[in-house]
Structure formats: C-alpha cells, structure tokens
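Since every read-out is calculated from the coordinates, none of them should be taken as a lab result. From a predicted model like this one, the values you see are computed outputs, not experimental measurements. Using ideal geometry, Cβ is built from the backbone for each residue, glycine included, and neighbour counts are taken over all protein chains shown.
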Amino acid sequence: MKVQQLSIFLENKPGHLENALKVLADRGINIMTLTIAEASDFGIVRMIVNKPDDAAAALRENQFTCSTTDVLALELDDTPGALLKALHAFSKHNLNIEYMYAFTEKRGDRAVMIFRFDDIQAAIKSLSSEGYNIVKNIGIIGA
C-alpha cells in the first residue's frame, strides 16, 4: 500500500519553514515525520502528515508550492544489517531508490523506512514477494 508524502518547496531563509508549519498547525494537521533536503537557496521539505490532501490544499491557499507523492513505508527488523538486506532485495529486483528516510516512530520492535522508487508498483510487487511488510496504514505506526 502506498503512502502519500507531502513535499514543500521553500526558499532557504529564516521563517519560511516556520510559516509553512504554522499553516499546517492552524488546520490541525499532524506531522508524523519529515526530512529536509537543501540545495543552496532552496529546500524541499518532505513529510508524512495525517491529512495530506488537506495539508496540500491549505499550503496552496497560502501561496506555498507543494505536491503529494506516493512513497512506500516498509517495515524492517531493527537490527544491524537489516537495511543492507533490504538494499540487496532492491538490487535483485532492479529497483531504483530515488530517496529514503527513516520514520520517527517504531512499529513494535521494528523500524519503518520511507522509500521513493522510480517504479512504485514494481517495488510493491517485488518487496511483497520477498516477504517484506509494506505498511498499509501509516496512522497505526507506533500503536
């Protein structure tokens, strides 16, 4: 199952992230995890939120450039080498990772990683065949 990720394109200046997050807070949108990638004058804030469609609409109403993207939330053993094992499975199935980041909460005794693949449907099929648990409901992580 795919998870919607919200991406916000922000100028890399004081207060811009704060302003975007205030829009989300004012709408009661909860940020479950986020990562920021910067490229000199601009950055991309990628986040998983509880209401991605509402978040995107609220940000656009306030003149922020944003989009939603499908990503996979994949459960991994929280042990040394578990991510390496997953990367071997990705290579075996010729899956290209565009980017990845860790989810901030665990799911029981397992870690959750967020992956963006160039072919998400192929990734779902391949990883399911390898026995990986693709998180179907991001809202139950940590429960």
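Neighbours of Ala86 by Cβ distance under 13 Å: Lys/Arg scored +1, Asp/Glu scored -1, total -1.
Only counting other Cβ atoms within 10 Å, I'd like Arg27, Arg60 sorted with the fewest neighbours first.
Result, fewest neighbours first: Arg60, Arg27.
About its Cα centre, the chain has a charge dipole of approximately 280 debye under the convention of +1 per Lys or Arg Cβ and -1 per Asp or Glu Cβ, with nothing else charged.
When the C-alpha to C-alpha distance is required to be over 29 Å, the pairs from Lys22/Lys125; Lys22/Lys85; Lys2/Lys22; Lys2/Lys92; Lys13/Lys136; Lys51/Lys85 that qualify are Lys22/Lys125; Lys22/Lys85; Lys13/Lys136; Lys51/Lys85.
Give me the percent relative contact order of region 71-137, please, defined on Cα pairs under 8 angstrom at least 6 residues apart.
Reported relative contact order: 46 percent.
In a reduced charge model with +1 at each Lys and Arg Cβ and -1 at each Asp and Glu Cβ, region 1-66 shows a dipole moment near 200 debye about its Cα centre.
Sorted fewest first by neighbouring Cβ atoms within 10 angstrom, Phe42, Phe90, Phe117 come out as Phe42, Phe90, Phe117.
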